[in-house]
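Only one structure is covered here, and it is reproduced in the block below.
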Amino acid sequence: MEFAYSAAQTTLAAELAAVFDQHPAPRRLRAFADAGTVPFDGDLWQALAAGRWLGLALPTADGGRGLGGDELTLAAYAAGHALAPVPLVATLLAGEALKASAHA
């Protein structure tokens with residue numbers, strides 16, 4: 001069995017990687033460590049919110065993008081790869097919980 005992402009999914013992953021590239025984490029993570037503060041990049045968080053990345057799997061009627069599990073996996077991978085100091089994965093999972101509770 002062969003598995004490959006679609007062209008749209010690959011494009012989505014590249015778009016998210018570009019957002020992370022605009023907010024490089026290593027320098028910021030060092031600054032957080034040196035200051036002894038919790039690592040959270042507010043500028044990156046705002047960029048993710050503006051691009052509707054935080055509601056990736058939420059229905060479009062609710063302001064999300066209406067995408068599925070494969071796209072969530074791509075987003076989680078991109079966030080980890082970028083060492084993004086934001087709770088993107090937790091936020092995406094909270095969105096999944098909201099979706100599930102709406103159908104219960």
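Listed values, structure above:
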item: Two-site label geometry, residue 9 and residue 30: point separation in nm, points 7 Å out along Cα→Cβ; result: 3.6 nm
item: Theoretical gain in end-to-end length, residue 99 to residue 46 [0.36 nm per residue, Cα-Cα removed]; result: 16.8 nm
item: Normalised convex hull volume, the chain, alpha-carbon set, Å³ per residue; result: 120 Å³
item: From phi via Karplus (6.51, -1.76, 1.60), per-residue ³J(HN,Hα) for the range 29-45 in Hz, x at Gly/Pro; result: 5, 4, 5, 5, 5, 5, 7, x, 10, 5, x, 8, 9, x, 5, 5, 4
item: 5 angstrom amide H check on residue 58, placed H, neighbours 5+ away; result: 65, 66, 67
item: In order through the range 15-23: 3J(HN,Hα) via Karplus (6.51 cos²θ - 1.76 cosθ + 1.60), integer Hz, x for Gly, Pro; result: 5, 5, 4, 5, 4, 5, 5, 6, 10
item: Heavy atoms of residue 34 accessible to a 1.4 Å probe, total area in Å² rounded to 10; result: 120 Å²
item: Relative contact order computed over the chain (Cα-Cα under 8 Å; 6+ residues apart), in percent; result: 29 percent
item: Accessible-area order (highest first, 1.4 angstrom probe) of the listed residues 15, 71; result: 15, 71
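The values are calculated or read from the model by the stated rules, or taken from the named source; none is laboratory data. None of the values given here were measured: they were computed from a predicted structure. As a convention, Cβ positions derive from the backbone with ideal geometry for all residues, glycine included, and neighbour counts pool all protein chains shown. Keep in mind that these areas ignore ligands, DNA and RNA; they rest on the heavy atoms of the full protein, side chains included. Shrake-Rupley method; radii C 1.70, N 1.55, O 1.52, S 1.80 Å.
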